[in-house]
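Chemist: Here's a structure for you.
The values are calculated or read from the model by the stated rules, or taken from the named source; none is laboratory data. This one's a predicted model, so the numbers in the text were calculated from it and none came from an experiment. A quick note on method: Cβ atoms are made from the backbone with ideal geometry, for glycine too, and the neighbour counts reach across all protein chains shown. The accessibility values were calculated without ligands, DNA or RNA, using every heavy atom of the protein model including side chains. Shrake-Rupley method; radii C 1.70, N 1.55, O 1.52, S 1.80 Å.
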Amino acid sequence: QVLKNPQNVFLCSTPIFYSVFFCYAVVVGPKFLQDFCGLSGEKAGVVASVMQFLGCISGLLFASVNRKLGGKSAAFLQKLSAVVFFVCQIVMTVFICLGIHSAIPFVVSFLAFGVFANMAPIGISLLSRHNSEKLLGSAFSVWNSITFAYVSLFGYACGLILNCFTPDATTDVLVYGRDAYLAIFAFFCILAIPVLLMTHCLKEFPDQKP
């Protein structure tokens with residue numbers, strides 16, 4: 001019943017952004033900043049911590065923004081987050097492809113992810129509008145389960161991709177090269193496309209036409 005509603009299906013694409021953010025903040029981001037950008041472990045850890053802090057407060061921020069705009073901007077904010085996701089992924093993938101090792105564009109992109117990734121209050125607002133009271137609990141459960149499924153699958157995918165490449169083992173620390181990280185970022189870049197397309201189809205209210 002939940003997945004018969006196209007709006008619920010479109011909303012199920014939005015947790016992809018948060019899941020990719022989680023991979024960058026926890027799974028592969030700090031290692032990438034050290035291997036590719038040359039940051040120290042301490043600085044990479046600071047970036048990851050700031051990302052997670054921004055993710056913590058961004059939900060409150062966007063809930064407040066939505067309320068200030070009369071509660072009629074939830075779909076717009078979801079679309080905005082998808083655009084940020086897509087643009088950041090394109091920028092980072094291109095920079096890796098060109099072999100540009102400057103940490104600045106990657107840190108800025110990671111922090112932008114932190115600001116826009118946690119759109120849970122906005123997603124819940126849209127789920128509340130597009131589902132009857134009888135199905136609301138099931139809709140929340142499906143959406144939440146899919147979020148955790150994405151997180152686990154993408155984290156596993158990062159490890160699987162890295163295992164396809166041979167790291168530099170001349171020191172005590174394994175260092176992965178450009179091609180390994182290009183494969184991961186290109187994978188997430190491809191994922192950004194359906195997110196952008198599906199969020200474009202989100203309606204603000206059930207009686208609106210696409």
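Chemist: In this structure, does SER58 turn out to be within 20 Å of TRP143 (Cα to Cα), touching a residue at least 24 places away in the same chain (Cβ under 8 Å), open to solvent by less than 50 Å² (accessible area, probe 1.4 Å) and not in a helix (DSSP H, G or I)?
Modeler: Against the criterion (within 20 Å of TRP143 (Cα to Cα), touching a residue at least 24 places away in the same chain (Cβ under 8 Å), open to solvent by less than 50 Å² (accessible area, probe 1.4 Å) and not in a helix (DSSP H, G or I)), SER58 does not qualify.
Chemist: Condition check: modelled with pLDDT under 95, β-branched (Val, Ile, Thr) and buried (at least 18 other Cβ atoms within 10 Å of the Cβ). Does ILE124 satisfy that? Spell out the reasoning first.
Modeler: Numbers: modelled with pLDDT under 95: yes; β-branched (Val, Ile, Thr): yes; buried (at least 18 other Cβ atoms within 10 Å of the Cβ): yes.
Yes.
Chemist: Ok, one more. Please go through segment 138-179 and give me each residue that is assigned to a helix (DSSP H, G or I), more than 20 Å from the chain's Cα centre (by Cα) and either hydroxyl-bearing (Ser, Thr, Tyr) or surrounded by 19 or more Cβ atoms within 10 Å (Cβ to Cβ) (or both), ordered by number.
Modeler: If we filter segment 138-179 for residues that are assigned to a helix (DSSP H, G or I), which is where we start, we get 138-162, 178-179.
Restricting the remaining residues to those that are more than 20 Å from the chain's Cα centre (by Cα) gives 138-139, 178-179.
Answer for segment 138-179, where residues must be assigned to a helix (DSSP H, G or I), more than 20 Å from the chain's Cα centre (by Cα) and either hydroxyl-bearing (Ser, Thr, Tyr) or surrounded by 19 or more Cβ atoms within 10 Å (Cβ to Cβ) (or both): SER138, ALA139.
Chemist: For LYS72, indicate whether it is part of a helix (DSSP H, G or I) and of a type in the set (Lys, Arg). Break it down into steps so the answer makes sense when it comes.
Modeler: Numbers: part of a helix (DSSP H, G or I): no; of a type in the set (Lys, Arg): yes.
In short, no.
Chemist: Specify the residue that is nearest to PRO194 (Cα to Cα); the eligible residues are those in segment 75-103 that are in a loop (DSSP other than H, G, I, E, B) and of a type in the set (A, V, I, L, M, F, W, C). So that I can check it myself, show each step before the final result.
Modeler: The initial filter retains those residues of segment 75-103 that are in a loop (DSSP other than H, G, I, E, B), namely 98-103.
Filter again for of a type in the set (A, V, I, L, M, F, W, C), leaving 98, 100, 103.
Details: LEU98: 25, ILE100: 27, ALA103: 28 Å.
The extreme case among them is LEU98.
Chemist: Hey, HIS101 hits all of (1) more than 19 Å from PHE22 (Cβ to Cβ); (2) modelled with pLDDT of 90 or more; (3) open to solvent by less than 60 Å² (accessible area, probe 1.4 Å); (4) not hydrophobic (A, V, I, L, M, F, W, C) but one; which does it fall short on?
Modeler: (3)
Chemist: Test each condition in (1) under 15 Å from THR199 (Cβ atoms); (2) at pLDDT 90 or above for LYS43 and report the one that comes out false.
Modeler: (1)
Chemist: So for segment 113-120 (the condition being surrounded by fewer than 20 Cβ atoms within 10 Å (Cβ to Cβ) and under 23 Å from TYR176 (Cβ atoms)), does at least one residue qualify?
Modeler: no
Matching residues to (1) of a type in the set (Gly, Ala, Ser); (2) more than 23 Å from ASN131 (Cα to Cα); (3) open to solvent by 10 Å² or more (accessible area, probe 1.4 Å); (4) in a helix (DSSP H, G or I):
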{"residue": "LYS4", "(1), (2), (3), (4)": "no, no, yes, no"}
{"residue": "PHE17", "(1), (2), (3), (4)": "no, no, no, yes"}
{"residue": "LYS31", "(1), (2), (3), (4)": "no, yes, yes, yes"}
{"residue": "LEU39", "(1), (2), (3), (4)": "no, yes, yes, no"}
{"residue": "PHE53", "(1), (2), (3), (4)": "no, yes, yes, yes"}
